[in-house]
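The next block holds one structure in the form of structure tokens; read it before the comments.
Every number here is computed from the coordinates shown, using simple stated rules; none is lab data. The model shown is predicted, which means the values in this text are computed figures rather than measured ones. For neighbour counting, all protein chains shown are included, and Cβ atoms are generated from backbone atoms with ideal geometry for every residue, glycine included.
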Amino acid sequence: MEKRVVITGMGVVSPNGIGHEKFCRAVLDGKSGVKQITRFDASALPVRIAGEISDFDESLWIDAHERKHVGRAVPLAFAASAEALQLAGLDPANMSLDEKREIGVILGTGGGAQDYSEEQYRLYFEGKIKQVSLFSIPSGTMGTMSSEISMRFGFRGMSQVVTCGCTSSTDAIAYAAMQIRTGAIPMMLTGGVDSPLAPGIMKGFTLMKIMTASWNDDPERASRPFSADRDGFVLAEGAWMFVLEDLEHARARGAQPLAEIAGYASTCEAFHRVRLQECGEEPARTIGLAMENAGIGPAQIDYVNLHGTSTQLNDRIETRALKLALGEHARNVPMSSLKSQIGHPQGASGAAGIAATLVAMKHSEIPPTINLEKPDPDCDLDYVPQPGRKHAVEYAVCNCIAFGSKNSALVLKNLS
């Protein structure tokens, strides 16, 4: 018999709040974390704003010497992981070797170490060879990021990275749940982290013409999912980590589950590197399969956490997909996009959406989609514009769409 998998810990480092409590308050209040970039000189770029975490003290998590050998995503992941473990009632410092062998790490990231690799190339091409890290190869590969977390906390279970664009952390969390469900391991530390804020990465995205350049002087209004005047997403960074475990294992040690991972599905349109098919059939099929995996129907969905990037294409097609997946019930379900508040943290966006959904479940309150000011006839569902709304949530769909035609969805069940 398959085991039930629950979330017992959550840790957050987000543009609109560091720590789960600040994140919770910000999400429910509709607080924007988008601001003008301060990490580097962005004055020559057409887009000079981002979901930047400007008040995060890296030195609390990694010393200056080690920081030279890893990307910013590593200390972000350390901080979020430590909080998730603490909230789950786990103290790695007091665990035996056998206990540490029963905790694995599966991390989702889209770009992972790209900022680090960009810096190494910059040093090389500026003739500063001696400043290039001797770990430029291993630390420049995304596959080692989970090992950084494993080494930090001493966990001896599997240590893997899932990287498949914007669905990366959704898929990572699902794969972690699968390991627990089949009895391979009782506990997993999983989630998503990305830190793509660097000059070269920003230039690459601007070449694609998918980021908004209209709100450099009013950044908090820049991320505008489902609004008719949206014209692109806002790049963002952040880390959202979770402790997953077998329900019986959690009960035996007195842990309080936040929610159950009830269902999951993933599909690929096999259509285009970037674009989505207008019909929305595959994202809809993904959501339908996730509900089927959870053993529920559309009428049982109380909330949908949307991918909601703020591009014309994504928002229009995601709306169409929800109508196909939920039928007439789609018009009765409150939905919202966290990206309106924090921007788009790439491969970590699925984990960020799950964190926001846990907030909605705990407080029986739907987070608002902020900056939704002009109705779009093609986006005509209930996106809960600011302010948020009191609403009990038993089952929720967390939806993600990625480059390369990928679609992934998780169904969460409230156990409170």
Per DSSP H run of n ≥ 4, the term is -39500 (n - 2.57); total these for the chain, divide by its residue number, and report the mean residue ellipticity at 222 nm rounded to 500 deg cm²/dmol. -9500 deg cm²/dmol
What ranking do 286-292, 341-347, 94-100 get when scored by the average of other Cβ atoms within 10 Å per residue, highest first? 341-347, 286-292, 94-100
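Which FRET efficiency, nearest 0.05, do E278 and M151 yield, Cβ-Cβ r, R0 56 Å? Before the final figure, lay out each step's value.
Details: r = 46 Å, r/R0 = 0.82.
Calculated value: 0.75.
With the contact rule set at Cα under 8 Å and sequence spacing of 6 or more, what percent relative contact order holds for the chain? Walk me through the intermediate numbers first.
Details: 1101 pairs, mean separation 97.8, N = 416.
That works out to 24 percent.
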Which of the residue pairs K203/K339; K3/K323; K100/K406; K35/K323 have a Cα-Cα distance greater than 27 Å in the structure shown? K3/K323; K100/K406; K35/K323
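Once you charge only the Cβ atoms, +1 for Lys and Arg and -1 for Asp and Glu, what is the size of the charge dipole of the chain about its Cα centre, to the nearest 20 debye? The partial results should precede the final answer.
Values: 40 positive and 48 negative charges, 66 e Å.
So the magnitude is around 320 debye.
Would you mind calculating the gained length between K100 and A184 on full extension (0.36 nm times residue separation, minus the Cα-Cα distance), in nm to one decimal? Don't skip to the answer; put the middle values down first.
Numbers: separation 84, 0.36 × 84 = 30.24 nm, distance 1.43 nm.
Full-extension gain reported as 28.8 nm.
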Classify segment 263-413 from the C-alpha gyration tensor, please: rounded if a/c falls under 1.5, else prolate or oblate depending on whether a/b exceeds b/c. rounded
Based on a Kirkwood Rh over C-alpha pairs, give the Stokes-Einstein translational diffusion coefficient of the chain at 20 °C and viscosity 1.002 mPa s in µm²/s. 102 µm²/s
Distance from the Cα centre of segment 25-49 to that of segment 354-413, in angstrom? 22 Å
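Based on the mean of other Cβ atoms within 10 Å per residue, sort peptides 301-311, 255-265, 186-196 so the most packed one is first. It would help to have the intermediate numbers written out before the result.
Values: 301-311: 26.4, 255-265: 21.2, 186-196: 30.5.
So the peptides 301-311, 255-265, 186-196, ranked by packing, come out 186-196, 301-311, 255-265.
Suppose the chain between K390 and S59 were pulled fully straight at 0.36 nm per residue; how much longer would it get relative to their current alpha carbon spacing?
Difference between extended and current length: 115.3 nm.
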Dipole-positive endmost among T141, V162, C268 within the chain (Cβ charges, Cα centre): T141
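Take the Cα radius of gyration of segment 46-118 and divide it by 2.2 N^0.38 Å, with N its residue count; two decimals is plenty.
Details: Rg = 15.2 Å, N = 73, 2.2 N^0.38 = 11.2 Å.
Expressed relative to 2.2 N^0.38 Å, the Cα Rg reads 1.35.
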On alpha carbon coordinates alone, what is the Rg over Rh value for segment 251-303, Rh being the Kirkwood radius? 1.16
For segment 262-269, Karplus couplings with θ = phi - 60° (6.51, -1.76, 1.60), whole Hz, Gly/Pro x: 8, x, 7, 7, 8, 9, 9, 6
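Dividing the convex hull volume of the alpha carbon atoms of segment 208-279 by its residue count, what do you get in Å³ per residue? Present the calculation step by step, with values, prior to reporting the outcome.
Details: hull volume 13.8 nm³, N = 72.
It comes to 192 Å³ per residue, whole-number rounded.
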I'd like the Karplus ³J(HN,Hα) series for segment 223-233: coefficients 6.51, -1.76, 1.60, θ = phi - 60°, whole numbers in Hz, and an x wherever there's a Gly or Pro. 8, 10, x, 6, 7, 4, 9, 5, 9, x, 8
Putting +1 on Lys and Arg Cβ atoms and -1 on Asp and Glu Cβ atoms, find which of S96, V74, G327 reaches farthest to the positive end of the dipole of the chain. V74
